[in-house]
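Structure, as structure tokens:
The values are calculated or read from the model by the stated rules, or taken from the named source; none is laboratory data. Quantities reported herein were computed from a predicted structural model and do not represent experimental measurements. With ideal geometry, Cβ positions are generated from the backbone for all residues, glycine too; neighbour counts draw on all protein chains shown.
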Amino acid sequence: MRKSSSDTASRILDSDLVAAWFFLAPALVLLGLFVLYPIGYLFYLSFTTGSFTRAGTQWIGLRNYWRLLLSPDFWQVLGNTVYFTVATVIPSLVIPLGLAVLLNRSLALRGVLRSAYFLPSITSLVAVGLGFRWLFQTDGPVNAGLMALGLAPIPWLSSPIWAMLVLILLSIWKQLGFNLVVFLAGLQTIPQSRYEAAELDGAGPWRQFRYITLPGLRSTIVFAAVTTAIFTLRSFEQVYVITGGGPLNSTNLLVYYIYDQAFAQFDFGYAAAAATLLLGITLVLVSVQLRTSTE
């Protein structure tokens, strides 16, 4: 009896395993075709000269990576990307966090304000980029407003410093709504009893924020920081639409540099090496976020 029951249980487990693989198969096939295979081919291409045809591709080993290390343009682009990422991530965390704390209270029209702040996250980045280019062009509304105040117009899109600032402002505005929703969700996980106990002990709003809100949002802040950093690292549309990497290569970011090397210079192997580096940076950020969320 025991043997027959164990055989029956093993058959059920085997049938459940077959059924599970059967239902997972379509997703695994799509994952392999559209994620794993492109990543593998990208890695392979980074060790070749790159070509439209397999016959024109030649294996050159680490030469593309060596070119990256020796290229002044690549280091300038990498520096632009790091500066752009840091200057975007910090305000994209501080501003939504402050707004989330305010909107988490009982305010009039709180639902309307939440929806209004989230609108940038669902707006087309190309459309937003075109709007920002119109706002900050030489004879655009922003300079018109400055002149109405008696101030000199600013060359927003023709100055290396100001052009990068425009891209940073657009990215902060674009990411604000998403991070706001993330922080609001995180605030709901903090027990209200902690705030009530702190208030009874005489703790003011700042001490409650410092010792209750911030520790309670630790994993949420890390998640928002990582997702924002990934968003900025893959920035392409705003550069393509607004500045085209200029002026003087000052707004050329890593994804736009990869695009330019691949589809303007047709140097696919070199572009694949730069893309592999970007993939490595992204995987490091994701691993940090996963490690923090499991602690």
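What to note about this one:
- Whichever residue in segment 170-192 is out of contact with any Pro (no Cβ under 9 Å at 6 or more places or on another chain) and at pLDDT 90 or above and, among such residues, is farthest from Gly129 (Cα to Cα): Ser171
- Of the helices (runs of 4 or more DSSP H) lying entirely inside segment 193-295, those containing at least 1 residues that are at pLDDT below 90, under 18 Å from the mean Cα position of the chain (by Cα) and loosely packed, with under 14 Cβ neighbours inside 10 Å span 268-294.
- Yes/no for Arg114 being basic (Lys, Arg), crowded, with 16+ Cβ neighbours inside 10 Å, touching a residue at least 12 places away in the same chain (Cβ under 8 Å) and within 27 Å of Ile258 (Cα to Cα): no
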